[in-house]
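See structure below.
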Amino acid sequence: MTADGLLAGAMIVGVAAETAAYADGDAGRVAVAAVLAAAIATLVVRRSHPVIPLVAIMVAVFAVAGFEPDFFDTTAFPFLAVMVALYSVARYTPGARGLWICVAAIAFAAISSLVQNDLDGPSQYLWLVLLCGAPTVAGRTLLNRSRIQDELRVRTQELEREGELRAGHAVENERVRIASELQAVIANGVSAMVVQAEAVPRVIAAGENERAAESLALIEETGRDALAEMRRLLGVLRHDEDAGALEPQPTLAQAGRLVEQARARGLEVAVEVQGERVSLPAGIDLAVYRVLQETLSAALAAGAKTAAVVIAYRDDELRLEIRDDRPESDSPAETPRDPGARLSLYGGRVRAEPREDGRGQRLLARLPLRGVSA
């Protein structure tokens, strides 16, 4: 609206300047210029109501031509206003209606000029058609281009939505497929456990304690594998909004990531690994990782600034020791969320206590490794 107002104002100023230059005190010429200026002012609505400026300007132009035939010999802005009005109708009137309005306006101009004998010869009529037809063609071309761009934009959005839906369906189908496969694996594992468990009483009754121990060890191994597969199954079945739904569960080998996260939050952590790293079953590995993660989080929450982590692989056990410098508190030392229960599933023990020097907390987790294999 502001741009259209400036355009209309500029043309009105142009008409006034041309009138002032050639009026020579002629009051009639000044009145005619005022009529034209009023018609040109309707260009402010050329986008929202483009037909109004076209009708107003053309009526004013041909009315002035009837009363002051010599007026247009010294003025050009009224013709520019007609061209802008024609362009606006072609550009902002959708469908065939805008084109037919422009054709009717050009025909009206040609017929009126013929009746008033304003043009001399066929060449001037040709110029009239060209000068009026050029803005019509330009406006129509831009309208079609804008329409095509809008259609392409809508189609692109539809394709993006369809692509997202197809991707979502593919993910869901893949999730169902993987879940079915894992379910079959777990069912086979549980079936094997049941078969072995049914055989144990008969083997014990027969006095074959060695075979019974082997069966129990096999049941234990099969159960641990089934738990690991169940954990993966639950990870696959998570919804997409759960970040990392399809990512593998973390392990103690990724302790460096925890250290970097703790440092980013303001806890300076030093890590020392003693002994030769042992490959642990997935469930045990995850349990130790969670103890480390929750202990560092608790240290941060308690206001600790530094922490020292020692991961020691010994012949018969894994030891995890974490020392921090959290301030003294009247409340008991904080420990991770139920770490004893987490590690006790695998025969581990956890003890959290104040440090000997009274400058923070010490957590010691011990997990037997005899008979443990990944």
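Data overview
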read-out: Residue match in the stretch 84-96 (condition: touching a residue at least 60 places away in the same chain (Cβ under 8 Å) and in the same structural domain as Val13 (by TED's automatic domain parsing)); value: yes
read-out: Residue count, the stretch 301-316 (criterion: among the hydrophobic types (A, V, I, L, M, F, W, C), under 25 Å from Ala264 (Cβ atoms) and surrounded by fewer than 18 Cβ atoms within 10 Å (Cβ to Cβ)); value: 4
read-out: The stretch 254-279 residues that are within 13 Å of Leu292 (Cα to Cα), paired with ones that are surrounded by 11 or more Cβ atoms within 10 Å (Cβ to Cβ) and among the aromatic types (Phe, Trp, Tyr) (beta carbon under 9 Å, 6 or more apart); value: Gln254/Tyr289; Ala255/Tyr289; Leu258/Tyr289
read-out: Scope the stretch 1-21; condition more than 12 Å from Leu80 (Cβ to Cβ) and part of a helix (DSSP H, G or I); matching residues; value: Thr2, Ala3, Asp4, Gly5, Leu6, Gly9, Val13, Ala16, Ala17, Thr19, Ala20, Ala21
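The values are calculated or read from the model by the stated rules, or taken from the named source; none is laboratory data. Given the structure is predicted, the values throughout are model-derived calculations rather than measurements. Positions of Cβ are backbone-derived with ideal geometry, glycine not excepted, and every protein chain shown enters the neighbour counts.
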